[in-house]
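One structure is given here, and the rest of the page talks about it.
The values are calculated or read from the model by the stated rules, or taken from the named source; none is laboratory data. Remember, predicted model here, so these are calculated numbers, not experimental data. Using ideal geometry, Cβ is built from the backbone for each residue, glycine included, and neighbour counts are taken over all protein chains shown. These accessible areas exclude ligands, DNA and RNA; they are computed on the full protein's heavy atoms, side chains included. Shrake-Rupley method; radii C 1.70, N 1.55, O 1.52, S 1.80 Å.
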Amino acid sequence: MEYGYYPGCSLTGSAHRLDKGIKKVFAKQGHTLREIPDWNCCGAFEYGDRKELTGFSKRNLEKARGHFSEIVAPCPACYKNLKEADEEREFAVTHPLDLFDEAFFAAMKQARDLTGQVFTPYYGCILLRPKETAIQNTNIMEETIARFGGEVSGEAVKDRCCGGNQIFINKDVTEKLSRLVLDRSQGTIVVFCPLCHMAMKTFSGERKVVYYTDLLLHIMGEGGAL
Amino acid sequence: MPKTEQALELTDYGRQDFAVCLGCKICASVCTVNDLSPGTNPQEMLQRLFLGQDVAADEPLVRFCTGCYRCTGACPWEIRIPEVIRALRHELGTESPFEKAFKGSVSLFGRVYEPYVLMKAVPFLLKGGYMKHVTRWMEYVGFHLPHKVKGM
C-alpha cells in the first residue's frame, strides 16, 4: 500500500534515526511512503494562536489533496496537528503505531526475540492525549515486547510527561520530570516521540533509549544488539 | 481589553465557556506542574479567566506547563487548558530565545532548520548550561541543507 508521508522537521534533522527506521519497517512490509511535496512545519507546540497553528497543517493537507487519502505522520506533535487540521476528516491521518496490528505482526519476519531483556515502553503525552487524536491501541508497545519474549517495566509511568517540550526553555523542568519516569522504570527505554527521546537520552545515564522502530528492526534481524 | 481577554481570542474558547467548570479540581490532581511547583491549580486559573482577571507571566502554571494534556484527559468538560496557557504565553510575550529561533526558522524557510535554530540560540545554550549534554546528543547530529518551502 502507498501512504502519504509527513516526516516533519525533526525527522529530517535530529530524529533522522526514526525517519530511517520507519522507512525501513514499511519497506520490509511491502508498503511505500511517499512524501507530501514541499511540506512545511506543523508549528509543533510553539504557536499560541490556534488559527495560525492550524493554518500550517491545513497548508500541508492542501498539498496532499489529490495525491493521497491516507497520511502517516510519525512525530506525535505533527500527527496531532495534522489530524486536528483535517476538520472534515477528508484524509485518514494515521500514526504508525496504529498500523502495527495483528496482520502486521503475522507478516513480520522474526529473526530475534527479546528474551531476558527488560524494556520500559514510554508513550509520554501526545500519543495518548487528548483522546480525539490518541492512538487506538495504547498498549501496542508493551504487547510487542511481551509478544517477542521481553519483560515490561514502568507501566505506572508510561503516560507521564518527560518535560521534553521544555528542554530548550527550562532544562531543569525536563530533568526533574524525566528523572521521575527513569526512577520508576527499568531497562531500555522504548519511545516513539523525538522529544521524549531527547529528554530521556539527556538524563538516562547508562540506560539505553531506543525508538520503537529500532526495536522492530532488531526483532527483524537488522543491526547488532540493541 | 486585558491581555487575558486578548489571549482567549487566540483559542477556541470564550470567557463564558469556563462557566461549565464544576470546580472539581481534578485538573489540579493530575497536573504535571505539581511535580515542579506543588499547589498548582489550573481550575483556579480558569476561574480567574472566567472573571476577567489577570494571569501573570511568572506564575508556575504559565511558566512550566508542558502541554501534557493530563488536565484535559481528566476534566469532565475536556477543557484544553494547555492551549489556553499557550495563548497566554503568546499574549504575555514569554517566548524563550529558543522559541523565537524556532519561529524565525519557520518564517525564513517554512520549516525548522535545526542548524539555524541552534546558531540563533547559542548564547542562551551556553549560558543555560546545555554544553555539558552535547556528548549525549551526538547521535542527533547530521547535516543537510535547508529546504525553502514555496510561498512561505
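Summary table below
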quantity	calculated
Check on A:Q136, in contact with a helix residue (DSSP H, G or I) (Cβ under 7 Å, 6 or more places away or on another chain) and among the polar types (S, T, N, Q)	yes
Filtered residue count, the stretch A:115-146, keeping only those that are among the hydrophobic types (A, V, I, L, M, F, W, C) and in contact with a Leu (Cβ under 8 Å, 6 or more places away or on another chain)	7
Sole residue being part of a loop (DSSP other than H, G, I, E, B), of a type outside the set (A, V, I, L, M, F, W, C), within 12 Å of chain B (Cβ to nearest Cβ) and open to solvent by 70 Å² or more (accessible area, probe 1.4 Å), chosen from A:E46, A:E87, A:E52, A:E62	A:E87
Some residue of the stretch A:1-12 being closer than 22 Å to B:K100 by Cβ and open to solvent by 20 Å² or more (accessible area, probe 1.4 Å)	yes
Any hit, the stretch B:105-115, residues being small (G, A, S) and surrounded by fewer than 17 Cβ atoms within 10 Å (Cβ to Cβ)	yes
Any hit, the stretch A:200-211, residues being of a type in the set (K, R), touching a Gly at 6+ places or on another chain (Cβ under 8 Å) and either more than 10 Å from chain B (Cβ to nearest Cβ) or part of a helix (DSSP H, G or I) (or both)	yes
Residue within the stretch A:166-187 that is modelled with pLDDT of 95 or more, within 23 Å of A:A111 (Cβ to Cβ), out of contact with any Gly (no Cβ under 7 Å at 6 or more places or on another chain) and more than 9 Å from chain B (Cβ to nearest Cβ) present	yes
A:V173 being of a type outside the set (D, E, K, R), touching a residue at least 24 places away in the same chain (Cβ under 8 Å) and in the same structural domain as A:D214 (by TED's automatic domain parsing)	no
The stretch A:124-159, subset hydroxyl-bearing (S, T, Y) and in a helix (DSSP H, G or I), residue nearest to A:K80 (Cα to Cα)	A:T133
Residue match in the stretch B:59-66 (condition: part of a loop (DSSP other than H, G, I, E, B) and either in contact with a Leu (Cβ under 6 Å, 6 or more places away or on another chain) or under 21 Å from A:C125 (Cα atoms) (or both))	yes
Condition broken by B:K148, with the remaining ones in (1) open to solvent by 40 Å² or more (accessible area, probe 1.4 Å); (2) touching a helix residue (DSSP H, G or I) at 6+ places or on another chain (Cβ under 7 Å); (3) at the interface with chain A (Cβ under 7 Å from one of its Cβ atoms) satisfied	(3)
Hits in the stretch B:24-45 - residues which are open to solvent by less than 30 Å² (accessible area, probe 1.4 Å) and part of a loop (DSSP other than H, G, I, E, B)	B:C31, B:S37, B:T40
Among the candidates B:V112, B:V84, B:V141, residue that is modelled with pLDDT of 95 or more and within 9 Å of chain A (Cβ to nearest Cβ)	B:V112
Candidates B:R48, B:R80, B:R86, filtered to the one that is closer than 18 Å to B:V33 by Cβ, open to solvent by less than 60 Å² (accessible area, probe 1.4 Å) and in contact with a Gly (Cβ under 7 Å, 6 or more places away or on another chain)	B:R86
Filter pass, A:S57 being under 18 Å from A:Y211 (Cα atoms) and either modelled with pLDDT of 95 or more or basic (K, R) (or both)	no
Residue within the stretch A:118-125 that is in contact with a helix residue (DSSP H, G or I) (Cβ under 9 Å, 6 or more places away or on another chain), within 23 Å of B:R80 (Cβ to Cβ) and open to solvent by 10 Å² or more (accessible area, probe 1.4 Å) present	yes
